[in-house]
Amino acid sequence: MQQVSLPLNLDAYPDKVAWFEEMLRVLGVSRSPALYDNFGKSLRNWLDRQGHSPIKTLSLFSGGGGLDIGFHDAGFEIVQMVELEAKYVQTLEKNSQQGKWLQGSQPICVDIRKFFPSSDLKVDFIIGGPPCQTFSAAGRRASGVAGTSDARGTLFQEYVRLLKTLQPKGFLFENVYGIIGAQKGEAWKEIQTCFQKAGYTIFFRILDAADYGVAQHRERLFIVGLREGNYLFPYPTHGPDSPDGEPFYSAGNAVKEADTSDADSGIRGRYGHLLTDIPPGLNYSFYTAEMGHPKPVFSWRSKFSDFLYKADPKMPVRTIKAQGGQYTGPFSWENRKFTIAELKRLQTIPDAYEIVGNSQVCIEQIGNSVPPQLGRILALSILDQVMGVALPFPMHYLPASKQLGFRQRKRQLTEIYAQKAKEAIALSRNTGSGEWGVGSGGTRGPLWGLGGRGENGGVSSIHNGWRAARGVFLSSTKKPTSNSDVTDGQSVRFLSSDFAWTEQEVPNSIKINLKYDLNNSCWKIAAKIAGDTWKQENKFVIDVFPSWGNENWVLSTLHVKLCANDLDLHLFTAIWKAFEEKLLEITGMADLVQLSGYYQYDVRMSGVMNFHPELKVNLFWRVVQCVVRGIGVATQLSSQNLASLWGVKTENVFSYLQFLRSIGYEVRNHNTNPQIPKGEYLIPYAFPTLTPRSVQLRKNLGNGTV
């Protein structure tokens, strides 16, 4: 496969200033493994030799200390570090000891709302950014971000309180860039106003850490506030926007010679085996019809873009997440998890900096950190412009009107990695290698920024690029993988109260008898409670079809009939579970969500539920009938709206929603997802989706009052 390359914008710099190279030369740093460890040490030693008086600095929301490392190395004395999480404070304490990286600093484990500095604390600068979950992409999964309406989103007001109390010369505030768009921009206006009322002129930019030498694309908002003077952000030291087009620091270079003694082989779980075939730089979307995969496992954009994301050693990795699931990347191109030592390198945290805690706690601290190398460059720009410290090399600053190109480059990477996926699929076809995971739970996985929820940009260009490939594979995706065009028979399954679907009996489970008749004209699945007799006529039937215009239907039939022996809640859930099981077994597709498509996009599967004409059907079952048809589904609606759509009384809607949850439907409201306004509800899918692993299973709707 071709090496990823991006165009350099060298014409903007006629003198081709070798800025980063000059830094390394002056500091006496070679381009060896652990490059930035040596950069930080050499910078600190140079300042000490010049008799530099450290700038007293207060660190807030310190986490594991990433920003503190960067500012410390650039001559800022971190006098106190305020952090709420005791598990993170252990790391700060370890590294504040004599001979350690942040020696002499004083970690304080306290809620910032209860932090009142002593009257003798004098600082010239404050650094830090409050927890960002309320402004993050993950916070947008329901209806935008909670922003300052969430208790965590108002922590910046405590930051402002301390600015007013201590009155430093300036501050640096970091957060996710989603803060700008939160609550239609109202939260951002409030934040700016509060800082200005505290007496500070603010300067802000969204920066990508990869532009400053970090082997990781990590976009964050940085605000510098000053009581006096002006400020310009530094030019990138790396990438196409740097003065000399210094190449990005690649992930392969970053982890070179890092400790891998504790590396695991592969990743476990249902989808772990899929990682092997994913080309570096891609993710789960590699296994979608839109990417041209012959046996799609996932629906387009049905997962977060870090799901099964494999890093490309020739490029910086995507953002390291503080928290994620079993399949959250980046994973190594060696088809395994990165070790903690490797993750530290990718974040430019020094090898000698000890992160305390188990693996997950260490990852949290790494993922929540500002990369120290980015912190160093920002700190140097503040030394130069605000503190009047003469540096041994010139700094280069971005004009206020200068636009950086990392967003445009992200779109270019999408096209590059789409081509890599196409080549990988074509290679497999030509060589006849690989079974694409069918029959064992999966297919292949996605690209840089492709297939992820919440990513900017459409999919039309990808669709156009893959129409031909999809046509080539259409016939192969229309047939079951069994030796016959007909699959029939009977089986027994057990349905548990937590919606587990198993072959072996477990406590408190319901035994279900199933009949299958799966052929190219129709898939028919019938269910009854074990012990009951099979009846000549079903009490209800759900007919499932591909929605109009669905080009990506992967079943060998265009009609599925789900039949129940009785009007029973357990049977309703069971027939959907049985359908999903056969979908996985025959097509390799992950679940019904992948067949139907992520709820925020056009539905690709339609259902119609009909009852036996002589059956007396109560209103709840009429509600279920509406939901199966997609009525009141995939959009946030009030109780009044749902009552009108379903033909029921408003005061009964909440009880119907609770019943829907009891048969496996995911139902969200403000109580489960604070981003949803009070009094509104969301049923994402027209079929039950809850499993024992579902996050929503462990939440409740509250009492239904507004």
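Structure data summary
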{"quantity": "Cβ-placed point charges (K, R +1; D, E -1), dipole of the stretch 612-671 about Cα centre in debye, nearest 20", "calculated": "20"}
{"quantity": "Kirkwood-type radius of the chain, with distances r between different C-alpha atoms, in Å", "calculated": "27.8"}
{"quantity": "Flagged links, alpha-carbon separation over 28 Å, of 337/402; 310/577; 94/114; 344/699; 535/582", "calculated": "337/402; 310/577; 344/699"}
{"quantity": "Contact order relative to length of the chain, as percent, for alpha carbon pairs under 8 angstrom and 6 or more apart", "calculated": "12"}
{"quantity": "Label-point gap, in nm, between residue 201 and residue 17 - each point 7 angstrom along Cα→Cβ", "calculated": "2.2"}
{"quantity": "Separation of the residue 530 and residue 407 label points, Cα + 7 Å toward Cβ, nm", "calculated": "5.8"}
{"quantity": "Furthest towards positive pole of dipole, 176, 599, 584, structure part the chain, Cβ charges", "calculated": "599"}
{"quantity": "Taking the stretch 596-699 and dividing mean pair separation by its residue count, relative contact order in percent (alpha carbons under 8 Å, at least six apart)", "calculated": "25"}
{"quantity": "Potential extension, residue 490-residue 390 segment - 0.36 nm per residue separation minus Cα distance", "calculated": "27.9 nm"}
{"quantity": "222 nm mean residue ellipticity, helices alone, for the chain (DSSP H n ≥ 4; -39,500 (n - 2.57); rounded to 500)", "calculated": "-8500 deg cm²/dmol"}
{"quantity": "Mean projection area, nm², convex hull over Cα of the stretch 284-400", "calculated": "11.2"}
{"quantity": "In Hz, Karplus ³J(HN,Hα) per residue of the stretch 398-415 (6.51, -1.76, 1.60; θ = phi - 60°; x = Gly, Pro)", "calculated": "7, x, 4, 8, 6, 9, 8, x, 5, 5, 5, 5, 4, 5, 5, 5, 4, 5"}
{"quantity": "At R0 = 25 Å, FRET efficiency that the Cβ-Cβ distance of residue 165 and residue 323 yields, to 0.05", "calculated": "0.15"}
{"quantity": "Full-extension gain in nm, residue 184 to residue 547, via 0.36 nm per residue minus C-alpha separation", "calculated": "127.3 nm"}
{"quantity": "Label-point separation, residue 703 to residue 106 (7 Å along Cα→Cβ), nm", "calculated": "4.7"}
{"quantity": "Label-reachable residues, the stretch 340-362, where backbone N falls under 15 Å from a point 7 Å from residue 268's Cα toward its Cβ", "calculated": "359-360"}
{"quantity": "Vicinal HN-Hα couplings computed from phi for the stretch 630-636 (Karplus, 6.51 cos²θ - 1.76 cosθ + 1.60; Hz; Gly/Pro x)", "calculated": "x, 7, x, 10, 6, 8, 7"}
{"quantity": "Two-site FRET efficiency, residue 257 against residue 157, from Cβ-Cβ distance with R₀ of 45 Å, rounded to 0.05", "calculated": "0.50"}
{"quantity": "Built amide H within the under 5 Å cut-off of residue 176, gap 5+", "calculated": "221"}
{"quantity": "Karplus-derived HN-Hα couplings along the stretch 123-128 (A = 6.51, B = -1.76, C = 1.60, θ = phi - 60°), whole Hz, x at Gly and Pro", "calculated": "10, 9, 8, 10, 10, x"}
{"quantity": "Test item: Cα-centred dipole of the stretch 324-389, Lys/Arg +1 and Asp/Glu -1 on Cβ, debye", "calculated": "120"}
{"quantity": "Cα lying deepest toward the dipole's positive end in the chain, options 554, 638, 406, charges on Cβ", "calculated": "638"}
{"quantity": "Potential extension, residue 116-residue 419 segment - 0.36 nm per residue separation minus Cα distance", "calculated": "103.5 nm"}
{"quantity": "Lys/Arg +1, Asp/Glu -1 at C-beta; the chain dipole; positive extreme among 294, 319, 18", "calculated": "294"}
{"quantity": "Simple Cβ-charge dipole of the chain, Lys/Arg +1 and Asp/Glu -1, about Cα centre, in debye nearest 20", "calculated": "1080"}
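Here, each number is a calculation from the coordinates, and none is a lab measurement. Because the structure is a prediction, the values reported are computed rather than measured. Positions of Cβ are backbone-derived with ideal geometry, glycine not excepted, and every protein chain shown enters the neighbour counts.
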